[in-house]
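Let me give you the structure first, and then I'll get to my questions.
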Amino acid sequence: DAKTTQPTSMDCAEGRAANLPCNHSTISGNEYVYWYRQIHSQGPQYIIHGLKNNETNEMASLIITEDRKSSTLILPHATLRDTAVYYCIVRVAVGNTGNQFYFGTGTSLTVIP
Amino acid sequence: GAVVSQHPSWVICKSGTSVKIECRSLDFQATTMFWYRQFPKQSLMLMATSNEGSKATYEQGVEKDKFLINHASLTLSTLTVTSAHPEDSSFYICSLRTAYEQYFGPGTRLTVT
């Protein structure tokens, strides 16, 4: 079962930062936070993941609160191609049993011209 | 990251027939692959975990005799939908797990008429 809560939908103006929140209040100490996105009729695409520290890569930044009960995915300069459903997933590190990805409902982000 | 392909990308079949979907890892030897199903406007639902050389593990509520999974090699897993019915029409997505991440295939759109 999904262990995360995300807003159903959000809009963002093109060129502005998109901040997508995720609540994971029951996260365990050994569980990572992963973000994926799915553009219509395609497979999910990996964006970023983290455990405790904030992370940044070429696609996005991930901000995790100190108590790890919530996180925010930041797309610094949203483009129209960022319109997609964004999924926040928590799971244990690979190598442990029961570490499948269970998807919640995600946030449908629409980037507006 | 790992590259995952699926074949076919879309298929239409008649009710009562069987359909096989292939999932290939192009650049990674995957001991574990996962199969998901996604109905329109819904999230991905994990169907089963495919283990190379052993029986697949099915999620609760998924009929193992209807959705046959074979993971005969480290680069190929197949999902066969047997005696397909219109309610099996869906988007089927496979994925594989690497050391830290999970990569998804592009999906197969199945339509049963």
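Nothing in this text is a laboratory measurement; each read-out follows from the coordinates by a stated rule. Just so it is clear, the model here is predicted, and its values are computed rather than measured. With ideal geometry, Cβ positions are generated from the backbone for all residues, glycine too; neighbour counts draw on all protein chains shown.
Once you've got the Cα coordinates, tell me which of B:LYS14/B:LYS41; A:LYS69/B:LYS55; A:LYS69/B:LYS64; B:LYS41/B:LYS66; A:LYS52/B:LYS41 are over 26 Å apart. Mind dumping the intermediate values first?
Values: B:LYS14/B:LYS41 24 Å; A:LYS69/B:LYS55 36 Å; A:LYS69/B:LYS64 36 Å; B:LYS41/B:LYS66 24 Å; A:LYS52/B:LYS41 32 Å.
Check vs 26 Å cut-off fails for A:LYS69/B:LYS55; A:LYS69/B:LYS64; A:LYS52/B:LYS41.
Over chain B, calculate the relative contact order: mean separation of alpha carbon pairs under 8 Å at least 6 apart, over the residue count, as a percent.
37 percent
Right, here's the next one. Identify the residues of region B:11-33 with backbone N under 16 Å of a label point that sits 7 angstrom from the Cα of B:SER5 along the Cα-to-Cβ direction, or state none.
The answer is B:21-30, whose backbone nitrogens lie closer than 16 Å to the label point.
Let me ask something else about it. Report the local net charge at B:LEU76: Lys and Arg +1, Asp and Glu -1, summed over other residues whose C-beta lies under 14 Å from its C-beta. Before the final figure, lay out the partial values.
Working: positive: B:LYS20, B:ARG24; negative: B:GLU22, B:ASP27, B:GLU52.
Counting the neighbours of B:LEU76, the net charge comes to -1.
Can you pull out the trypsin sites (Lys or Arg not before Pro) in region A:1-108 whose DSSP state is coil and whose Cβ has at most 16 other Cβ atoms within 10 Å?
Sparse-neighbourhood loop trypsin sites (Lys or Arg not before Pro): A:ARG16, A:LYS52, A:LYS69.
Okay, moving on. Could you check the simple spin-label distance between B:SER83 and A:ALA17, using points 7 Å along Cα→Cβ, in nm with one decimal?
Simple spin-label model gives 5.6 nm for this pair.
Using the beta-carbon distance between B:LEU76 and A:SER28 and R0 = 30 Å, what value does 1/(1 + (r/R0)^6) give for FRET efficiency, to the nearest 0.05?
For B:LEU76 and A:SER28, the calculated efficiency is 0.35.
Report the residue, chosen from B:ALA48, B:ALA99, B:ALA72, that carries the largest GNM mean-square fluctuation when chain B is represented by alpha-carbon nodes joined by springs under 10 Å.
Comparing B:ALA48, B:ALA99, B:ALA72 in a Gaussian network model of chain B, the most mobile one is B:ALA99.
Pop out the ³J(HN,Hα) list for region B:60-72 in order, Karplus 6.51 cos²θ - 1.76 cosθ + 1.60 with θ = phi - 60°, rounded to Hz; leave Gly and Pro as x.
Computed from phi, the couplings for region B:60-72 are 4, x, 9, 7, 5, 7, 8, 10, 7, 10, 10, 10, 7 Hz.
Same structure again: Using DSSP to define loop residues, name the GluC sites (Glu not before Pro) in region A:1-70 whose beta-carbon has at most 10 other beta-carbon atoms within 10 Å.
Qualifying residues, ordered by number: A:GLU58, A:GLU66.
Got the relative contact order for chain A handy, in percent, Cα pairs under 8 Å and 6 or more residues apart? Display every interim value, and only then the final one.
On the way: 276 pairs, mean separation 42.4, N = 113.
This gives 38 percent for chain A.
Right, here's the next one. Which residue fluctuates most in the GNM of chain A (Cα springs below 10 Å): A:THR72, A:THR26, A:THR83?
Of A:THR72, A:THR26, A:THR83, the most mobile in the Gaussian network model is A:THR26.
Excluding A:SER71 itself, calculate the net charge of residues whose Cβ lies under 12 Å from the Cβ of A:SER71, where each Lys or Arg counts +1 and each Asp or Glu counts -1. Present the calculation step by step, with values, prior to reporting the outcome.
Working: positive: A:LYS52, A:ARG68, A:LYS69; negative: A:GLU31, A:GLU55, A:GLU66, A:ASP67.
Once all neighbours under 12 Å are counted, the net charge is -1.
Here's another thing I want to ask about it. Taking only Cα atoms and a 10 Å spring cutoff, compute GNM fluctuations for chain B and point out the largest among B:CYS94, B:CYS13, B:CYS23.
Answer for the Gaussian network model of chain B: B:CYS13.
Can you list the HN-Hα couplings for region B:23-36, worked out from phi with the Karplus curve (6.51, -1.76, 1.60; θ = phi - 60°), rounded to whole Hz and with x for Gly and Pro?
Per residue, the Karplus-derived 3J(HN,Hα) values read 10, 10, 9, 7, 9, 8, 8, 9, 7, 10, 10, 10, 10, 10 Hz.
Over the Cα atoms of chain B, what is the Rg over Rh ratio if Rh follows Kirkwood?
Taking Rg over the Kirkwood Rh, I get 0.94.
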